[in-house]
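Written out below as structure tokens is the structure these notes cover.
The values are calculated or read from the model by the stated rules, or taken from the named source; none is laboratory data. Model, not experiment: these values are computed from the prediction. Counting neighbours? That spans all protein chains shown, and the Cβs are built from the backbone with ideal geometry, glycine included.
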Amino acid sequence: MLSVECIVNGDLEENCYIIHNKSYAMIIDPGSEANKIINKIGNLDVIGILITHYHYDHIGALDDIKNKYNGAKIFDYTSHNYNELECFKFKKINNFGHTMDSCSFLFENENIMFTGDFVFYRTIGNYDIENEEEMLKSLKNFIKLNDNIIIYPGHGPSSNIGYEKRNNYFLRGI
Ligand SMILES: [Zn+2]
């Protein structure tokens with residue numbers, strides 16, 4: 001059983017998540033307040049750091065976190081699609097558009113997905129017009145996923161895919 005905790009970071013209120021079982025932990029998007037994150041981690045053994053994309057508000061504390069937990073493996077859009085690390089089994093799904101290094105991490109057994117700045121509660125991440133086609137492609141893939149998957153975005157509240165399909169303007173008619 002995995003627990004998910006959210007730590008809101010910095011002026012842009014970025015969501016850093018810690019997922020853990022009793023002993024192992026992974027950090028998703030180490031925002032900008034390393035001390036806040038490290039305090040929350042406590043005695044957990046951090047074995048992975050997951051990066052949804054390299055915007056500053058998501059990785060401001062990355063160097064400090066890497067120094068503190070120097071054995072932790074980094075995962076990002078360049079990682080394998082299927083990953084397994086101790087108790088964690090997850091899929092990396094590239095979803096370019098917001099940036100061309102954006103990805104989500106889907107934990108199929110737990111039915112949870114970390115979407116970064118790709119899909120938020122009732123909206124999506126901003127993107128440059130030249131990346132519109134990529135964003136559309138990413139959204140089309142997103143709506144093929146199971147409705148009951150809970151999404152944890154990089155900003156704002158969590159949601160689920162079914163709710164977003166019905167209520168997110170940007171997912172309608174694509
Ligand atoms: Zn971003």
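Counting only strands (runs of 3 or more DSSP E) wholly contained in segment 86-165, the ones carrying 3 or more residues that are under 20 Å from residue 16 (Cα atoms), more than 16 Å from the ligand (Cβ to nearest atom) and touching a Phe, Trp or Tyr at 6+ places or on another chain (Cβ under 8 Å) occupy 88-94.
The set of residues in segment 22-50 being within 21 Å of residue 151 (Cβ to Cβ), in contact (Cβ under 8 Å) with a residue 40 or more places away in the chain and either more than 16 Å from the ligand (Cβ to nearest atom) or in a loop (DSSP other than H, G, I, E, B) (or both) consists of 26, 27, 29, 48. Within segment 95-130, restricting attention to residues that are crowded, with 19+ Cβ neighbours inside 10 Å and polar (S, T, N, Q), the residue that is farthest from residue 150 (Cα to Cα) is 99. One residue alone among 37, 49, 28, 65 is touching a strand residue (DSSP E or B) at 6+ places or on another chain (Cβ under 7 Å) and farther than 24 Å from residue 95 by Cβ, and that residue is 37.
Yes/no per residue for (1) modelled with pLDDT of 95 or more; (2) under 29 Å from residue 134 (Cα atoms):
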{"position": "2", "(1), (2)": "no, no"}
{"position": "7", "(1), (2)": "yes, no"}
{"position": "29", "(1), (2)": "yes, yes"}
{"position": "53", "(1), (2)": "yes, yes"}
{"position": "58", "(1), (2)": "yes, yes"}
{"position": "64", "(1), (2)": "yes, no"}
{"position": "80", "(1), (2)": "yes, yes"}
{"position": "83", "(1), (2)": "yes, yes"}
{"position": "91", "(1), (2)": "yes, yes"}
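The residues on offer are 127, 121, and the sole one that is in contact with a Pro (Cβ under 7 Å, 6 or more places away or on another chain) and at pLDDT 95 or above is 121. Just one of (1) within 16 Å of the ligand (Cβ to nearest atom); (2) more than 29 Å from residue 43 (Cα to Cα) fails for residue 78. It is (1).
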